[in-house]
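Written out below as structure tokens is the structure these notes cover.
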Amino acid sequence: MSRKNKKAPWEEEEEIIWVSKSEMKRDMEALQKLGEELVKLKPGALAKIPLSDELRMAIKDAQRFKQEAYRRQLQFIGKQMRSVDIEPIQAALDKLNNKHAQVTAQLHKLESLRDRMIDDGDTVINEVMEAHPDADRQQLRQLVRMAVKEKAANKPAKAYREIFQVLKALYIQD
């Protein structure tokens with residue numbers, strides 16, 4: 001008498017997790033959407049994401065396809081992503097998206113600093129000089145004066161844009 005089918009009392013049975021067909025479909029569609037986000041990336045950004053060579057080639061192919069071929073390629077990418085660990089890919093993609101959001105927020109801060117500089121003048125210029133001692137105070141003051149004159153005369157805002165470029169250059173140095 002063999003004991004093949006009988007388990008010892010100390011062995012526990014594995015719990016079977018049932019997954020509905022709808023849930024499996026939602027998971028596959030989520031992978032396909034992630035693949036679509038990867039396809040929309042530029043080559044430089046795509047290089048920063050940890051992908052297998054096969055998946056990278058499928059993404060490059062999808063970038064050149066149109067209409068129905070594109071849709072089928074996205075499905076193929078989703079199918080390939082089922083066998084890949086998604087977490088590092090998602091983390092790298094989130095990091096790229098967050099970096100863009102951070103840069104946008106910094107640019108908005110620079111714009112508000114420029115507006116304050118035009119409205120308040122020397123007090124804000126002094127703040128900028130404290131933060132960036134290598135900045136050219138004379139150039140900033142001259143640009144602020146020109147921006148105020150342009151605003152009063154309803155002329156094109158050339159100095160206004162130049163102030164932003166100077167502040168952006170100071171920001172990039174940091």
Report summary line: Placing each pseudo-label 7 Å from Cα in the direction of the beta carbon, residue 127 and residue 64 end up separated by a distance in nanometres of 5.2 nm
Query raised in the report: Mean residue ellipticity at 222 nm from the helices of the chain, using -39,500 (n - 2.57) per DSSP H segment of n ≥ 4 over the full residue count, to the nearest 500 deg cm²/dmol?
Result: -24500 deg cm²/dmol
Query raised in the report: What is the helix-to-structure angle for 86-120, meaning the angle in degrees between its Cα long axis and the longest Cα principal axis of the chain, kept from 0 to 90 and rounded to the nearest 10?
Result: 10 degrees
Query raised in the report: To the nearest Å, what is the center-to-center distance of the stretch 91-144 and the stretch 37-54, using C-alpha atoms only?
Result: 32 Å
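Bear in mind these aren't lab numbers, they're just calculated from the coordinates by the rules spelled out. Remember, predicted model here, so these are calculated numbers, not experimental data. No Cβ is skipped: glycine too gets one built from the backbone with ideal geometry, and neighbour counts run over all protein chains shown.
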